[in-house]
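In what follows, a structure is listed as structure tokens, so that the remarks can point back to it.
The values are calculated or read from the model by the stated rules, or taken from the named source; none is laboratory data. For clarity, every value in this text was computed on a predicted model and none was experimentally measured. With ideal geometry, Cβ positions are generated from the backbone for all residues, glycine too; neighbour counts draw on all protein chains shown. Remember, those area values only see protein heavy atoms, side chains included, never the ligands or the DNA or RNA. Shrake-Rupley method; radii C 1.70, N 1.55, O 1.52, S 1.80 Å.
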Amino acid sequence: MKLVCEWCDKSNVEEIEASVYWELPDGTRAIEIIGTPTHRCPDCNMVYQSELLIKEIENQLFLIDCKQIETVITFAALMKMPKLLKRNYFDCSS
Ligand SMILES: [Zn+2]
């Protein structure tokens, strides 16, 4: 399946891994998530994470004990961290 750029609708989007800085839900600090699946569009030069992935990261940060996160963490390690809650009480979109 060809990826389509969320910004310019062209389909030359490349899948790369990049570091992103993310503010924790409690706003106390920001962490660096390395190896994050990222899209890069050569047509409009946008480098971004898909909306789905952003939601996944935000959900995960709500569900885990953020105090356990080091300042720098890999995406894979972050997604593997044990969840504290059975469901996401903070997701009001559903
Ligand atoms: Zn684009």
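Exposed loop positions in the chain were taken to be trypsin sites (Lys or Arg not before Pro) whose DSSP state is not H, G, I, E or B and which have at most 15 other beta-carbon atoms within 10 angstrom. Between these positions, the longest stretch is 30-82. Counting Lys and Arg as +1 and Asp and Glu as -1 over every other residue whose Cβ lies under 14 Å from the Cβ of Cys41, the net charge comes to -2. Placing a pseudo-label 7 Å from each Cα along the Cα-to-Cβ vector at Arg40 and Glu23 gives an inter-label distance of 2.7 nm. Residues in the chain average 69 Å² of solvent-accessible surface per residue, probe 1.4 Å, ligands and nucleic acids excluded.
Exposed loop sites here are chymotrypsin sites (Phe, Trp or Tyr not before Pro) in DSSP loop states with at most 14 other C-beta atoms within 10 Å. What is the longest stretch of the chain lacking them? That would be 8-88.
By how many nm would the segment from Leu3 to Ala77 grow when fully extended, if each residue of separation counts as 0.36 nm and the alpha-carbon distance is taken off? Going from the current span to full extension adds 24.1 nm.
What the phi angles of region 20-27 give under the Karplus curve with 6.51, -1.76 and 1.60, with θ = phi - 60°, is a coupling list of 10, 9, 10, 7, 5, x, 7, x Hz, glycine and proline written as x. Given in Å, the Rg to one decimal and the Dmax to the nearest whole number for the Cα atoms of the chain are 14.6, 41.
So, in the chain, how many Lys pairs have Cα atoms under 22 Å apart, if the pair is 8 or more places apart or on different chains? Count of close lysine pairs: 9.
Excluding the sites themselves, what is the longest stretch of the chain that contains no GluC sites (Glu not before Pro) in a DSSP loop with at most 16 other C-beta atoms within 10 Å?
Here the longest segment lacking exposed loop sites spans 7-69.
Rounded to the nearest 20 debye, the dipole size of the chain about its Cα centre is 340 debye, using +1 on the Cβ of Lys and Arg and -1 on the Cβ of Asp and Glu.
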